[in-house]
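Enquirer: Before I ask anything, let me first share the structure, which is written out below as structure tokens.
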Amino acid sequence: MSKVVKFGGSSLADANQFRKVADIIRADKERRFVVPSAPGKRFPDDIKVTDMLYACYEAVAEEGKNAHNQFAPIAERFNGIISDLGLTLSLDREYEEIIENFRKKAGREYAASRGEYLNGIILANYLGFQFVDAAKVIFFRPDGKFDDTLTDTCLASVLHGMENAVIPGFYGANPDGTVRTFSRGGSDVTGSIVAKAIGAEIYENWTDVPGVAVADPRIVNNPKFIKVITYRELRELSYMGFSVLHQDAIFPVRSANIPINIRNTNDPSADGTMIVPGSDEKAESIITGIAGKKHFSVISIEKDEMNSEVGFLRRILTVMEANNISFEHIPTGIDTMSIVVDGADVDKCPDIVEKICEVTSPNHIEIENNLALIAVVGRGMKAKKGTATRLFAALSHADINIKMIDQGSSELNIIIGIHEADFEKAIGVIYDMFILSEAE
Ligand code: ASP
């Protein structure tokens, strides 16, 4: 059996962090396949290597500045790690090649990917593992989408004969061989892809936090951390702004039923959070997590006998599609309907209300902006009476007006819409009601 271990940028920010990472890997022989990010911040005002690379590329390829000068601080970061670790490795040849490719305008994605590439070479050298360039094993299709079939086959066959390997995160190759990256934070996705391809027992994602917090620590002081969460719960929460893992990292491992374990590099003895496939996993509490987002708009439409008007919703959706607007939720009544959309979409198409009006001839239509949505998610909610009552009571005691309610048919979540100004307060009172009071 084997484990895939991915380390985030802060876990590999300097030589000291590299040592912790090596200790973690050496503590378990099954940790055979390692996916590193580029070096992240060493202190709050520090700059991540990925951001340095984007800026360097812009200065060289777009502003024509001297490539060696621009690249020097990046080389210094890597050379510092190499010398602090006491390695005899030299990356001078790689630096020259990268500088040359920057001059030839190899592209922003190529530039950004070099952080993971160089860090992967250092880590492989330090651990005595083989280095596998991600551009040789992770592929994208001509339309830019990730090519899972080709990648699975290639990764499985390359890694099959290896005792262990370091595969840099964040990038792969287009059909023409040029480098393509996932979106920011994409090393999480690489880890998940590698775990699936080799049929790993577990995908360990090592970061700098104790796990997945029940609620955003910027809103709730010292929130509890979740011990076990299902993929579906995490998906609901990620969609609403949980940011512990890249959104797309769930899919490859989920399809192969491989659990993800979020762990803390700075506290390796802690269990972290397990993300598991099974929805019958026993819940610790009714609510697993609370997440939310601001800047939504709700378009409310009233029309007599709307319920019997065939094609009513289709006409609205056709108008929205023509204007490239997707909907988040559509709670409906008999003669009323509310459409919740991302506020940014309304900013792009300010006359969307008039357009919907033209095709529906409603009795009344209005738009309200500055709505926040909060998702209260928990597999423990299923068939448990009184959850909604407690939720609404908590909000009402805090004098928060609920503008919209949507409960998913799976009974896994309740989504409420409130005014943005009440957002932080609402998350706080929901946390107190379900997490703090249950812990007492
Ligand atoms: N280094 C990339 C970023 O900063 C990818 C990653 O760290 O996952 O977004």
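Bear in mind that the values in this text are calculations on the coordinates, not laboratory data. The structure presented is a predicted model; accordingly, all values stated were derived computationally and were not measured. Positions of Cβ are backbone-derived with ideal geometry, glycine not excepted, and every protein chain shown enters the neighbour counts.
Enquirer: If the limit is 26 Å between Cα atoms, which of Lys105/Lys293; Lys145/Lys294; Lys3/Lys105; Lys294/Lys348; Lys227/Lys385; Lys41/Lys282 go over it?
Expert: Lys105/Lys293; Lys145/Lys294; Lys3/Lys105; Lys41/Lys282
Enquirer: Which value, in debye to the nearest 20, describes the size of the charge dipole of the chain about its Cα centre when Lys and Arg Cβ atoms bear +1, Asp and Glu Cβ atoms bear -1, and nothing else is charged?
Expert: In total the dipole reaches around 1220 debye.
Enquirer: Could you list Ile334, Ile414, Ile275 so that the one with the fewest beta carbons within 10 Å of its beta carbon is first and the one with the most is last? All intermediate terms of the calculation are to be shown ahead of the outcome.
Expert: Working: Ile334 10, Ile414 21, Ile275 28.
In increasing order of surrounding Cβ atoms, one gets Ile334, Ile414, Ile275.
Enquirer: When Ser187, Ser410 are ordered from fewest to most other Cβ atoms inside 10 Å of their Cβ, what list results?
Expert: With the sparsest Cβ surroundings first, the list reads Ser410, Ser187.
Enquirer: If you wrap the stretch 381-440's Cα atoms in a convex hull and average its projection over all directions, what's the area in nm²? Can you show the working numbers first?
Expert: Details: hull surface 16.8 nm².
Mean orientational projected area (the stretch 381-440, Cα hull): 4.2 nm².
Enquirer: Something else about it: Can you pull a Stokes-Einstein diffusion coefficient for the stretch 1-136 at 4 °C (1.567 mPa s), Rh from Kirkwood over Cα pairs, as a whole number of µm²/s?
Expert: 84
Enquirer: Same structure, new question: Using only alpha carbons, build the gyration tensor for the stretch 89-203 and give me the equivalent ellipsoid semi-axes, biggest first, whole Å. Intermediate values should be presented prior to the final figure.
Expert: Details: eigenvalues 99, 71, 26 Å².
Taking √(5λ) for each Cα gyration eigenvalue gives 22, 19, 11 Å.
Enquirer: Using only the Cα atoms, work out Rg/Rh for the stretch 37-83, with Rh taken as the Kirkwood radius, to two decimals.
Expert: Numbers: Rg = 11.2 Å, Rh = 11.3 Å.
Result: Rg/Rh = 1.00.
Enquirer: By how many degrees, between 0 and 90 and to the nearest 10, does the Cα long axis of helix 108-127 differ from the longest principal axis of the chain?
Expert: The angle comes out near 60 degrees.
Enquirer: Let me ask something additional. What fraction of the DSSP beta bridges in the chain is antiparallel, stated in percent and rounded to the nearest 5?
Expert: So the antiparallel bridges amount to about 65 percent of the total.
Enquirer: With θ taken as phi - 60° and the coefficients 6.51, -1.76 and 1.60, list the Karplus ³J(HN,Hα) couplings across the stretch 151-157 in order, rounded to whole Hz; mark glycine and proline as x.
Expert: 4, 4, 5, 5, 4, 4, 6
Enquirer: At most 15 other Cβ atoms within 10 Å and a DSSP loop assignment: could you name the trypsin sites (Lys or Arg not before Pro) in the stretch 287-383 that fit?
Expert: Hits after loop and neighbour filter: Lys382.
Enquirer: Ok, one more. Could you tell me the calculated FRET efficiency between Ala421 and Lys104, based on Cβ-Cβ distance and R0 = 51 angstrom, to the nearest 0.05?
Expert: E between Ala421 and Lys104, to the nearest 0.05, is 0.50.
Enquirer: Taking 2.2 N^0.38 Å as the expected size of a compact globular protein, what ratio does the Cα radius of gyration of the chain give against it, to two decimals?
Expert: 1.11
Enquirer: Assuming 0.890 mPa s and 25 °C, estimate D for the stretch 339-393 with Stokes-Einstein, Rh taken as the Kirkwood radius over Cα pairs, in µm²/s.
Expert: In µm²/s, the coefficient rounds to 168.
Enquirer: In whole Å, what three semi-axes, largest first, describe the equivalent ellipsoid of the stretch 138-201 built from its Cα gyration tensor (square root of 5 times each eigenvalue)?
Expert: Result for the stretch 138-201: semi-axes of 19, 13, 10 Å.
Enquirer: Write down Rg/Rh for the stretch 7-62, rounded to two decimals, with Rg from the C-alpha atoms and Rh from the Kirkwood relation over Cα pairs.
Expert: Ratio of gyration radius to Kirkwood radius: 1.12.
Enquirer: Identify which of Glu204, Glu109, Glu100 has the largest mean-square fluctuation in a Gaussian network model of the chain, with springs joining Cα atoms closer than 10 Å.
Expert: Highest fluctuation of the listed residues: Glu100.
Enquirer: Here is a follow-up. Under the 0.36 nm per residue contour assumption, what length would be gained going from the current alpha-carbon distance of Asn16 and Arg184 to full extension?
Expert: 58.0 nm is the gain from fully extending Asn16 to Arg184.
Enquirer: Mean residue ellipticity at 222 nm from the helices of the chain, using -39,500 (n - 2.57) per DSSP H segment of n ≥ 4 over the full residue count, to the nearest 500 deg cm²/dmol?
Expert: It lands at -11000 deg cm²/dmol.
Enquirer: If I histogram all Cα-Cα distances within the stretch 301-440 using bins 10 Å wide from 0, what percent of pairs lands in each bin?
Expert: Each 10 Å bin holds this share of Cα pairs: 10, 35, 31, 19, 4, 0.
Enquirer: What's the long-distance tail for the stretch 48-123, i.e. % of Cα pairs beyond 15 Å?
Expert: Taking all Cα-Cα pairs of the stretch 48-123, the fraction more than 15 Å apart is 49 percent.
Enquirer: Now, a different point. Based on DSSP, what percent of beta bridges with both residues in the stretch 130-243 are antiparallel, to the nearest 5?
Expert: If I count the DSSP bridges inside the stretch 130-243, around 60 percent turn out antiparallel.
Enquirer: Further question: Helix 312-322 versus the longest principal axis of the chain: what is the Cα-based angle in degrees, 0 to 90, to the nearest 10?
Expert: The two axes meet at around 30 degrees.
Enquirer: Multiplying the sequence separation of Ser243 and Asn401 by 0.36 nm and subtracting their Cα-Cα distance, what value in nm do you get?
Expert: Between Ser243 and Asn401, full extension yields 54.2 nm more.
Enquirer: Tell me the Kirkwood radius of the stretch 215-305: reciprocal of the mean inverse pair distance over distinct alpha-carbon atoms, in Å.
Expert: 15.2
Enquirer: Quick one: compute a quarter of the convex hull surface over the Cα atoms of the stretch 304-380 and quote it in nm².
Expert: For the stretch 304-380, averaging the hull's shadow over all directions gives 6.3 nm².
Enquirer: Could I ask something else about it? I'd like the distance separating the alpha-carbon centroids of the stretch 418-440 and the stretch 251-321, in whole Å.
Expert: Using only Cα atoms to place each centre, the spacing works out to 19 Å.
Enquirer: With r defined as the distance between the Cβ atoms of Asn222 and Leu317 and R0 fixed at 45 Å, what FRET efficiency is calculated, to the nearest 0.05?
Expert: Details: r = 44 Å, r/R0 = 0.97.
My answer for the efficiency is 0.55.
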